[in-house]
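Contents: one structure, followed by commentary.
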Amino acid sequence: MKRLYFRSVVVAAALLLCLIASAADRTEEQKTSYRKAMEVADQKIADEVKAHSELMKNLEYLTTQIGPRLTGSPQMQKASDWTLQRFKEYGIAAHLETTEIPQGWTRGKDQAEIVAPVSRQIEIRAMGWSKSTNGAVTGPVLLVKAKKMSDLGAYKRKIKGAIVLREPVELPSANEVPENAYDAVIAPARGVQEGPEAGWSERRKLLNAIAAEGPAVILLDSGKTDSLFSMSSLSRYRPSDAPLGFLTHEDYSLIYRLSQAGPVTMKVNLSGTFSAGPVPASITIAEIQGSQFPNERVIIGGHLDSWDLGQGALDNGTGAMAVIEAARTLKALGWQPRRTLTFILFTGEEQGSIGADLYLDKHTAEIPQMDGVLILDTGTGKVFSIALENLYQTAPLMAEIYTPLKEIFDLEPLSTRYFGASDHVPFLNKGVPAYFCVQRVAKYGEAHHSQTDTFDKVIPDEINEGAALLAAWMWNVSEMPEALPHHATNTEFED
């Protein structure tokens with residue numbers, strides 16, 4: 001996940017006010033009529049969710065009976081099949097669309113220990129799609145302090161056969177309170193940036209270059225407090241060039257301090273396995289047909305896949321089940337939307353948004369008539385804003401769509417920050433107006449990609465309100481007389 005600041009908050013806010021002032025040519029009476037009608041509808045949506053929500057029941061089944069849902073795993077396919085049936089049981093037309101990934105990966109029993117200068121067993125978790133060590137390997141720890149590609153030359157001849165360690169992650173101060181759940185995972189940039197080496201793309205290149213030199217293992221700092229792990233992948237659904245494993249920040253810091261004092265020897269065994277060939281990966285799509293503009297689509301979505309250390313509750317079982325609950329609610333109300341309402345549960349968001357790419361590839365001809373996308377993907381906390389994602393040309397209509405939501409759900413103004421980093425980015429890159437829910441923290445920083453991403457962390461009232469907001473935004477867009485404008489496809493958005 002990356003943060004982009006395309007414009008200052010002051011400039012963005014000023015531009016937003018100008019755009020709102022230049023709203024479309026409907027009369028004030030027509031705008032007032034739309035706002036009042038949407039306030040009534042949005043309140044009925046909120047009341048339906050409060051009275052009859054099945055979100056927590058569905059989320060408990062997903063996280064408990066199915067569990068974590070790594071892309072391409074049997075559990076992920078079981079979840080896709082189950083969500084398909086849930087939509088149908090609510091009386092909503094639904095189907096799966098399926099692609100393949102080159103290889104599925106299953107975590108093995110990972111082990112590590114410090115052999116010298118002290119003896120200590122430590123916990124380790126293989127990075128996703130990490131090459132195995134083919135049994136336990138013992139070797140010297142090599143501290144590589146390279147921060148960019150040009151720094152790596154001094155270490156190249158030493159890497160082969162070594163257990164590579166880099167400098168520990170600098171954790172945010174305990175006094176820093178994140179503004180939102182996204183910031184709890186990726187702290188906002190401050191001051192002058194160090195350059196491109198500060199980004200994940202450059203770090204990925206550096207890790208790939210280290211892996212190409214034949215280390216025994218590359219160790220990674222999970223970058224979380226309280227002995228929590230994190231998870232990610234370096235390769236795209238194929239074995240990595242070298243074994244990679246995450247340690248807790250506490251153990252990583254210990255080994256770093258030992259290596260500064262003298263030679264350190266470790267023993268590591270990573271034993272993950274790969275499928276013999278390609279495996280399926282599906283997305284679930286459900287629709288309520290529009291009456292006046294059936295070929296135009298309003299889309300809400302969340303990713304159903306998760307990492308495998310926890311139960312996939314906050315990332316992103318909450319978002320996926322909120323989408324199902326929004327669908328259930330709108331169907332239960334029996335209203336006929338002007339535009340078609342499309343609900344998507346994506347796969348592969350954690351490894352590059354392959355589910356969103358699959359949908360766009362299969363529906364290329366429909367892209368010009370995709371009237372808006374909203375994604376929920378940062379946990380269980382209250383949705384307190386929607387991010388414009390630099391789509392300032394949509395601000396006049398979004399302000400009208402958003403005003404009733406503010407009244408019903410007690411929201412802050414539209415966010416003028418760019419977040420990216422979820423399934424809406426591929427839509428943005430195709431010119432579709434796509435937005436992102438901004439949520440309260442609610443322990444998302446701890447749960448994100450870790451073993452504590454579990455059902456007991458969910459806050460029922462707040463995620464149920466999030467489901468109601470998804471449904472209400474979708475309804476408001478579907479009933480807006482005008483469609484949200486698309487933008488040029490050569491606009492660059494980063495994931």
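If a residue must be β-branched (Val, Ile, Thr) and surrounded by fewer than 16 Cβ atoms within 10 Å (Cβ to Cβ), how many such residues does the stretch 286-300 contain?
0
Need at least 1 residues that are more than 19 Å from the chain's Cα centre (by Cα) and outside the structural domain of Gly223 (by TED's automatic domain parsing) per element, so show me which helices (runs of 4 or more DSSP H) inside the stretch 347-447 make the cut, counting only ones lying wholly within it.
354-362, 395-409
Mind checking which residues of the stretch 101-135 are polar (S, T, N, Q) and modelled with pLDDT of 95 or more?
Gln103, Thr106, Gln111, Ser119, Gln121, Ser130, Ser132, Thr133, listed by residue number.
Considering each residue of the stretch 276-325, count those that are in a loop (DSSP other than H, G, I, E, B) and over 25 Å from the mean Cα position of the chain (by Cα), and give that number.
Residues that pass the stated criteria total 6.
Can you tell me which residue within the stretch 82-94, out of those that are surrounded by 14 or more Cβ atoms within 10 Å (Cβ to Cβ) and of a type outside the set (A, V, I, L, M, F, W, C), is nearest to Leu341 (Cα to Cα)?
In this case the residue turns out to be Tyr90.
Take Ala116 and tell me if it is over 30 Å from Ser233 (Cβ atoms), surrounded by fewer than 17 Cβ atoms within 10 Å (Cβ to Cβ) and touching a helix residue (DSSP H, G or I) at 6+ places or on another chain (Cβ under 8 Å).
In short, no.
Against the definition (among the hydrophobic types (A, V, I, L, M, F, W, C), at pLDDT 95 or above and surrounded by fewer than 24 Cβ atoms within 10 Å (Cβ to Cβ)), how does Ala399 come out, yes or no?
yes
What are the residues in the stretch 326-354 that are farther than 30 Å from Tyr237 by Cα and of a type in the set (A, V, I, L, M, F, W, C), if any?
Ala326, Ala327, Leu330, Ala332, Leu333, Trp335, Leu341
Please go through the stretch 262-285 and give me each residue that is surrounded by fewer than 22 Cβ atoms within 10 Å (Cβ to Cβ) and closer than 16 Å to Thr347 by Cβ, ordered by number.
Hits for the stretch 262-285 are Ser275, Pro278, Val279, Pro280.
The values are calculated or read from the model by the stated rules, or taken from the named source; none is laboratory data. Every value quoted in this text rests on a predicted model; they were computed, and no experiment measured them. Counting neighbours? That spans all protein chains shown, and the Cβs are built from the backbone with ideal geometry, glycine included.
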